[in-house]
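Chemist: Dropping the structure in here first, questions after.
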Amino acid sequence: MALAKSFVAIAALATLAACSPKSEPAAPPKPAPTAAAPAPAPVAFKIGAFDAAALFDGTIKVANDGKTFGIGRPPSEVAAVLKAAGRPDDSLDLSLQPLLVRGEGKVLLFDTGAARVDFAQGGKLNDSLRAAGVEPAQVTDIFISHSHDDHLGGLTTADGALAFPNATIHISAPEWAAMQAAPRRAALVKAMTPKVAAFQPGAVLLPGLVSAVEVKGHTPGHSAYEIASGQERLLYIGDAAHHFVISVAKPDWTIAYDGDAPAAQASRRALLQKAADQNLRLYAVHFPYPGLGRVKAQGDGFVWVPEQP
């Protein structure tokens, strides 16, 4: 697709990255779990002729202590950026919102939330999915952006069975290889293997519907996804950007979650620049719920402009 092809420039800007490592990246730091709160209702919207919905799995709270966002900079500098945007300056809130898309006889789910992992207040995905009128067994395809626990935690149930038993699991070949090489992933890999459809970075996955968009630096095979219906496009950005203020206003700042920080920073800036230049519609899994909007250039960075579905 045109948009997916245009993101070749992102990879070019990140050529300073080394070849993808053969083992899974270290898990990101574990923030303190947030207090439980009522789950918001699914937010329905359209992508051309397709029905889509933001689904809510939970939240993550990260302390502004210099260990995660703006590494190498004093927390006071991070706090100033947050305060200027009208946000609390002592912590950063990240949402967890997998994306549901229905069209052409398929039920697509992009990422599966954190479920039971201990650094998030998650586990609301199935309730949110059912509130959107879909049972887990009806999901036909799952698209995993990468293998961090807050994106694939909901793939299995508490007893290790596949939570979406009829779904093909799409994951990039480098990311899948990294998972297979990680001893801590052995049980999950065993459960996933019969349903995995590994793809090469940037591949067309469902012709006319979903294409992968390689975004280097976060993990060995991190992938965004372009969803198309007619002339309408939506880019699911995965973890190309984590926080709607810091990641957008300061895309060159280092964050602990990125396995190859220089490559991730180059990719993040390139993606945001492309999105601003072309007024791309984005779905950001960690931005304030429902994570739908666009970015505009502002100063030496960008600003998030949420869409009201």
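Chemist: Work out, step by step, the length gained on full extension between TYR289 and ALA44: first 0.36 nm times the residue separation, then minus their alpha carbon distance; give nm to one decimal.
Modeler: Details: separation 245, 0.36 × 245 = 88.20 nm, distance 1.20 nm.
The TYR289-ALA44 span can extend by a further 87.0 nm.
Chemist: While we're on this one: With a/c under 1.5 counting as rounded, go ahead and sort the chain into rounded, prolate or oblate using the C-alpha gyration tensor (a ≥ b ≥ c being the square roots of the eigenvalues; past the cut-off, prolate if a/b is larger than b/c, else oblate). Mind dumping the intermediate values first?
Modeler: Values: a/c = 1.25, a/b = 1.21, b/c = 1.04.
Since a/c stays below 1.5, the shape of the chain is classed as rounded.
Chemist: I've got another one for you. Please list, in chain and number order, the residues 5+ apart from HIS242 or on another chain whose amide H is under 5 Å from its amide H, with Hs placed from the backbone.
Modeler: SER247
Chemist: Under a point spin-label approximation (7 Å from Cα along Cα-to-Cβ), what is the THR157-SER91 distance to one decimal in nm?
Modeler: Between THR157 and SER91, the simple spin-label model gives 3.3 nm.
Chemist: Same structure, new question: Rounded if a/c is under 1.5, else prolate if a/b beats b/c, else oblate: with a ≥ b ≥ c from the C-alpha gyration tensor eigenvalues square-rooted, which is the range 188-267? Write out the running numbers ahead of the final one.
Modeler: Numbers: a/c = 2.40, a/b = 1.31, b/c = 1.83.
Oblate.
Chemist: Per-residue HN-Hα couplings for the range 231-237, Karplus 6.51 cos²θ - 1.76 cosθ + 1.60 at θ = phi - 60°, whole Hz, x for Gly and Pro?
Modeler: Values, residue by residue: 8, 8, 9, 9, 10, 7, 8 Hz.
Chemist: Roughly how many debye, to the nearest 20, is the charge dipole of the range 85-231 about its Cα centre, given +1 on each Lys and Arg Cβ, -1 on each Asp and Glu Cβ, and no other charges?
Modeler: Magnitude of the dipole: close to 380 debye.
Chemist: Add +1 for every Lys or Arg and -1 for every Asp or Glu among the other residues with Cβ under 10 Å from the Cβ of HIS243, and state the total. Kindly include the intermediate steps, with their values, before the conclusion.
Modeler: Working: positive: ARG87, LYS250; negative: ASP93.
Net charge around HIS243: +1.
Chemist: Working out 0.36 nm times the residue gap between ARG73 and ALA181, then minus their Cα-Cα distance, what length gain in nm do you get to one decimal?
Modeler: Numbers: separation 108, 0.36 × 108 = 38.88 nm, distance 3.39 nm.
Gain on extension, ARG73 to ALA181, equals 35.5 nm.
Chemist: In this model, which of LYS190/LYS274; LYS61/LYS274; LYS124/LYS216; LYS216/LYS296 are farther than 27 Å apart at the alpha-carbon? Before the final figure, lay out the partial values.
Modeler: On the way: LYS190/LYS274 38 Å; LYS61/LYS274 29 Å; LYS124/LYS216 29 Å; LYS216/LYS296 22 Å.
From the list (LYS190/LYS274; LYS61/LYS274; LYS124/LYS216; LYS216/LYS296), the Cα-Cα distance tops 27 Å for LYS190/LYS274; LYS61/LYS274; LYS124/LYS216.
Chemist: Would you mind getting me the FRET efficiency between ALA137 and LYS61? Use the beta-carbon distance for r and R0 = 45 Å, nearest 0.05.
Modeler: Working: r = 33 Å, r/R0 = 0.73.
Once the sixth-power term is evaluated, E becomes 0.85.
Chemist: Going by amide H atoms built from the backbone, whose H comes under 5 Å of the H on VAL107, apart from near neighbours?
Modeler: Long-range HN contacts for VAL107: THR140, ASP141.
Chemist: While we're on this one: What distance in nm separates the two pseudo spin-label positions at LYS190 and VAL303, each 7 Å out from Cα along the beta-carbon direction?
Modeler: 5.3
Chemist: Let me ask you something else. Under a Cβ-only charge scheme (Lys and Arg +1, Asp and Glu -1), can you give me the dipole magnitude of the chain about the Cα centre, in debye to the nearest 20? List each step's numbers first, then the result.
Modeler: Numbers: 27 positive and 28 negative charges, 43 e Å.
For the chain, the charge dipole is close to 200 debye.
Chemist: Note down the nm distance, to one decimal, between modelled labels 7 Å out along Cα→Cβ at ASN279 and at GLU232.
Modeler: Those two pseudo-labels are separated by 1.7 nm.
Readers should treat all values here as calculations from the given coordinates under stated rules, not as data from a laboratory. Predicted model, so just to flag it, every value in this text is computed and none were measured. Here the Cβ is made from the backbone with ideal geometry for all residues, glycine too, and neighbour counts use every protein chain on show.
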